[in-house]
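Following: one structure in structure tokens, then a few remarks.
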Amino acid sequence: MIGEIKMVGNQKTRKFVLNREMDIRPGDTIALASFQQTLLRNSNLLLNTGLFVSASVTAPEWKNGDREADILVEVNETWYFFPIPVLKLADRNFNVWWEEFDRDFSRIIWGIRLHHYNLTGVRDYLKFVSQFGFSQKYQLRYRYPYLNRAKTLGLEIEANYNRSRNGSYNTRDDQLEFLISEARDNFKSFSGRTSVGYRKGLYTTHQVGAGFISSSISDTVRQLNPNYYINNRSLQRYFSLHYSFKHDRRDRRDQATKGYAIEGLVTQVGLGVYDDLNYGYGQLTIKKYFPVNKKITARVATTGRLYFNKNKIAYNHSSALGYGRTYVRGYELYVIDGTDFVLSHQGMTWQFYRNVWDFGKILPIKKTDVIPIRAFLSANVDVGYVKKPQYGDRNTLDEQWLVGYGPAIEILIAETYLFGFDYSFNRLGESGVFLHTKFNF
């Protein structure tokens, strides 16, 4: 039987947050055969919140003839407030900037990004972005996860304003074409959204939300691509509704060794208020991890998207593969536009390094003096397919199976920052080194 649960190290995070994110309570009874596994699972549950650099759930004290165990929860909080200078590229990824734009420093975006991942100690998240240079952007986002007494409802709100002189206006030969202009408002948009989340237990989250977007392009962009918006318009406005769910039973959020995750999304774009857009789509992602031994894991992740009622699809709503994290290895220098797509990643990972680095002598901030680092060697194969878009036949990689493969070194820092260095090949006979980053908060 679980006795008292003691918590140490949570200087900022409130105690009820740790209780909410674990699945053991005082008075619970647990079979001895699964007791250590239960403690390890709860350690991982706390790490998966992103609030802690390290978390340990142990049973140091036993009572009543070793039939009752007091639990000790020890956490080391991460640094929650990040005023980060913005210095990034306007391009889809580092590889495109290096190869296609000859390391052009005029394509730099600069500014400030403020993140707080535990603003009031209840795992609430605040983000503010102000950036200039190649493009301008202002963003405000806030998420509060425990809205009611039962800690099952959460709220998120977000507002964005973007303005850019230069941007991509078309896709030709599976690569983006960019406008070079001195006009300030070739691309401009404002968007706002809000959503309510419901999470009764630990593993399943539902979210329902609504949004509004108003965007415009200059006459120059409209003339270069009459399909950028529907019916050669220069203004696009629409409301949207979405429902999403996530069921996550992985042991770790990043570089999992076992378990699975299922994510689904249904979105309706256009509610009849404006006649600019009217279509919907559904998207489903399934991830599965198979432990081979303590250091080697096989993994499979498959995503599919299906559009419905797609009578009006503009160019700027036809992005499929090659944007953000949705890509086929070896095709990072290309974009594949379209509506429906399927993408599957398969791989084997070997954790060849794991250690905790002590920076106490060189870093004055106590929360960052001890940082866990894990490194992996992986072998990967990606397969993707995209259905042809509605607006033209200027590309060749849609409606054919894309295959990319190769090894990679992946480095996970503080269970949050993931860096991947891939050497990938594709079916076009091309190969190269590609950098990928992923920051989870």
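Report the local net charge at Glu68: Lys and Arg +1, Asp and Glu -1, summed over other residues whose C-beta lies under 13 Å from its C-beta. Every neighbour counted, the sum reads -3. Label reach from Glu68 (point 7 Å along Cα→C-beta): in segment 9-46, amide nitrogens under 16 Å belong to 25-30. Which of the lysines could a cross-linker span from Lys387 if the Cα-Cα distance has to be under 17 Å and same-chain partners fewer than 8 positions apart are dropped? List returned: Lys310, Lys312. Per residue of the chain, the DSSP helices (runs of n ≥ 4 H) give a summed -39500 (n - 2.57) that works out to -2000 deg cm²/dmol at 222 nm. Charge tally for Asn316 (other residues, Cβ to Cβ under 14 Å; Lys, Arg +1; Asp, Glu -1): +2.
Build a GNM of the chain with springs between Cα atoms under 10 Å apart, and of Glu415, Glu21, Glu177 the one that fluctuates most is Glu177. Here the alpha carbons of the chain define both size measures, Rg and Dmax, at 23.8, 82 Å.
Among Pro26, Pro389, Pro85, the largest mean-square fluctuation in a Gaussian network model of the chain, built with springs joining Cα atoms closer than 10 Å, belongs to Pro26. Each label was represented as a point 7 Å from its Cα along the Cα-to-Cβ direction; for Phe35 and Ser191 these points are 5.1 nm apart.
In this simple spin-label model, placing a label point 7 Å from the Cα along the Cα-to-Cβ direction at both Met1 and Thr220 gives a separation of 7.6 nm. About its Cα centre, the chain has a charge dipole of approximately 1080 debye under the convention of +1 per Lys or Arg Cβ and -1 per Asp or Glu Cβ, with nothing else charged.
A simple spin-label model places pseudo-atoms 7 Å from Cα toward Cβ; at Phe245 and Leu153 they are separated by 2.0 nm. If the segment from Phe81 to Ile286 were pulled out straight at 0.36 nm per residue, it would be longer than the present Cα-Cα gap by 70.6 nm. Just add up the charged neighbours of Asn42: K/R +1, D/E -1, any other residue whose Cβ is under 10 Å from the Cβ of Asn42. Summing Lys and Arg as +1 and Asp and Glu as -1 gives -1. When you filter the trypsin sites (Lys or Arg not before Pro) in segment 143-179 for DSSP loop state and at most 12 other Cβ atoms inside 10 Å of their Cβ, you are left with Arg149.
Greater than 18 Å separation of Cα atoms is the criterion. Which listed pairs, Lys258/Lys288; Lys151/Lys200; Lys258/Lys438; Lys151/Lys288; Lys6/Lys200; Lys246/Lys288, meet it? Result: Lys258/Lys438; Lys151/Lys288; Lys6/Lys200 exceed 18 Å.
Across segment 1-92, the relative contact order, built from alpha-carbon pairs under 8 Å that are at least six residues apart, equals 36 percent.
Running a GNM on the chain with Cα contacts under 10 Å, which residue among Ser240, Ser34, Ser191 ends up with the highest mean-square fluctuation? Fluctuation is largest for Ser34. Residues of segment 368-404 with an amide N closer than 19 Å to a point placed 7 Å from the Cα of Ile411 along the Cα-to-Cβ direction: 368-379.
Every number in this text was worked out from the coordinates using simple rules, so none of it is lab data. Predicted model, so just to flag it, every value in this text is computed and none were measured. Every residue, glycine among them, receives a Cβ derived from its backbone with ideal geometry; neighbour counts consider all protein chains shown.
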